[in-house]
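Undergrad: Before anything else, here's the structure in question.
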Amino acid sequence: MKIILRKDVDNLGKIGDLVTVKDGYSRNYLIPRNLAFFASDKAVKALEIEKKKISKRLAKEKITAEEVSQRLSELQISIPMKVGEEGKLFGSVTTQIIANELILRGFDIDKRQILIDESIKNLGVFDIRVKLHPEVYSTLKIWVISEE
């Protein structure tokens, strides 16, 4: 049976993909959970039109993300934190702290877009990756300094 996916399904496809699956899998699992719908001729034509619109929108979003990436890569942020002995922080620098600093500087970036490899618990300079688009990443320089 041919179906069109409404959501990404592991080991099957992504949103909008036209896939062929067994009848029972589609009727008993995918369609009742709103993960897919039947691929009638009308739905397939509508899907093609929708894919063109989505691809245009994604292209515009990618261009915007690249512009923001350029501005972010030039930015350096200082984050004052309370420090104990030997330069260790009380707590750590979180994605929420970084997102709040970015909002103060005019960037509307969600904390889930900020990728920290290891927790930041020391003073120093760190390069943080920011995911702006599925294909666009930027690097942000963070300076963790003492509050004093």
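The values are calculated or read from the model by the stated rules, or taken from the named source; none is laboratory data. Everything numeric here is computed off the predicted structure, so don't read it as measured data. No Cβ is skipped: glycine too gets one built from the backbone with ideal geometry, and neighbour counts run over all protein chains shown.
Undergrad: Sort out which residues of the stretch 37-78 are in contact with a Leu (Cβ under 9 Å, 6 or more places away or on another chain) and within 30 Å of residue 147 (Cβ to Cβ), and write them in order of number.
TA: The answer is 68, 72, 73, 75, 76, 77.
Undergrad: Restricting to the stretch 94-118, give me the number of residues that are under 19 Å from the mean Cα position of the chain (by Cα) and within 25 Å of residue 83 (Cβ to Cβ).
TA: Of the residues in that region, 16 qualify.
Undergrad: Restricting to the stretch 12-26, count the residues that are in contact (Cβ under 8 Å) with a residue 12 or more places away in the chain and surrounded by 12 or more Cβ atoms within 10 Å (Cβ to Cβ).
TA: Here the count works out to 6.
Undergrad: So which residues in the stretch 35-49 are assigned to a loop (DSSP other than H, G, I, E, B) and surrounded by 12 or more Cβ atoms within 10 Å (Cβ to Cβ), if there are any at all?
TA: Hits for the stretch 35-49 are 35, 39.
Undergrad: Kindly check whether there is at least one residue in the stretch 50-60 that is in contact with a Ser or Thr (Cβ under 6 Å, 6 or more places away or on another chain), modelled with pLDDT of 90 or more, part of a helix (DSSP H, G or I) and closer than 30 Å to residue 141 by Cα.
TA: No, there is no match, as no residue in the stretch 50-60 is in contact with a Ser or Thr (Cβ under 6 Å, 6 or more places away or on another chain), modelled with pLDDT of 90 or more, part of a helix (DSSP H, G or I) and closer than 30 Å to residue 141 by Cα.
Undergrad: Are there any pairs, at least 6 apart or on different chains, whose C-beta atoms fall under 6 Å, with the first in the stretch 79-106 and under 16 Å from residue 146 (Cα atoms) and the second among the aliphatic types (A, V, I, L, M) and outside any strand (DSSP E or B), and if so, which?
TA: The qualifying pairs are 87/123.
Undergrad: Ok, one more. How do the pairs read when you match residues in the stretch 40-55 that are touching a residue at least 24 places away in the same chain (Cβ under 8 Å) and not assigned by TED's automatic domain parsing to the domain that holds residue 134 with residues anywhere that are surrounded by 10 or more Cβ atoms within 10 Å (Cβ to Cβ) and part of a loop (DSSP other than H, G, I, E, B), using Cβ under 9 Å and keeping only pairs 6 or more apart or on different chains?
TA: Note: pairs meeting the criteria are 47/16; 47/39; 50/16; 51/16; 54/15; 54/16.
Undergrad: Within the bounds of the stretch 84-94, is there any residue that is closer than 27 Å to residue 66 by Cα and not basic (Lys, Arg)?
TA: Scanning the stretch 84-94, I find at least one residue that is closer than 27 Å to residue 66 by Cα and not basic (Lys, Arg), so the answer is yes.
Undergrad: Can you find even one residue in the stretch 123-136 that is surrounded by fewer than 14 Cβ atoms within 10 Å (Cβ to Cβ), in contact with a Phe, Trp or Tyr (Cβ under 9 Å, 6 or more places away or on another chain) and at pLDDT below 90?
TA: no
Undergrad: With the structure loaded, tell me whether residue 65 is assigned to a helix (DSSP H, G or I), closer than 14 Å to residue 133 by Cβ and in contact (Cβ under 8 Å) with a residue 60 or more places away in the chain or whether it fails that test.
TA: Taking the combined requirement at face value, the residue satisfies it.
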